[in-house]
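Computed from the coordinates by the stated procedures, all read-outs in this text should not be read as laboratory data. Quantities reported herein were computed from a predicted structural model and do not represent experimental measurements. Note: ideal-geometry Cβ built from the backbone for every residue, glycine included; neighbour counts use all protein chains shown.
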Amino acid sequence: MRKSIFAKVAVAIAGLGLLAPATPSFAADSVPAATVRHIGTDVVLRSGQLNGIHVDSQGKAIAGAAVIVGQRGEEVGRTVTDANGQFRLDVRPGIYEVQIGESTETVRVWSAEVAPPSARQSATVVAGNAVRGQFSELDMVGFTAMGIGTAGLIIGIIALDRTSTPQSP
């Protein structure tokens, strides 16, 4: 009798564990998406210039596109992409929004002396809606909750199976 109650409780907890990450009430303290700034790329200044390239979703360079670089909502400078889709603009180290048409990339610009090893030599701005293969809906907490829920469900099923299997005399 005791095993049966334990098994039922284990299955119920496992089921709740699987539902918990999807419950919207857990997002009550989260920051609205509009206020979160995603830093897309770390870029190294070369000769005091931010270098970049504008490409379409197939990777083909786009020439003659207007480039607007801003910081904290203020325009810092503008230029036009050359025949190879490349652009250069004098800036200081900091975080900038690079806007080309409807596409905007946020970049963190570093001086060469302090740039992280992963920093790129130029920024890439992709035109249109490019799929980037990012999986940002579940963070580590979500994966952990899902793993615990799945483990609880498996344990519950095993416990139920053991309680329903007749024991030999």
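Here's how it looks for Ile53: its modeled amide H is under 5 Å from those of Phe87, Ala123, Thr124, Val125, which are all 5 or more places away or on a different chain. Close amide H partners of Val76, meaning residues 5 or more places away or on another chain with modelled amide H under 5 Å apart, are Val69, Gly70, Gln71.
How much length is gained on full extension from Arg78 to Ala151, taking 0.36 nm per residue of separation minus their Cα-Cα distance?
Full extension from Arg78 to Ala151 adds 20.8 nm.
What FRET efficiency comes out for Thr106 versus Arg162 if R0 is 45 angstrom and r is the Cβ-Cβ distance? Round to the nearest 0.05.
Computed FRET efficiency for Thr106 and Arg162 comes out at 0.25.
So what's region 45-126 giving for Rg/Rh, alpha carbon basis, Kirkwood Rh from the mean inverse pair distance? Expressed as Rg/Rh, it is 0.94.
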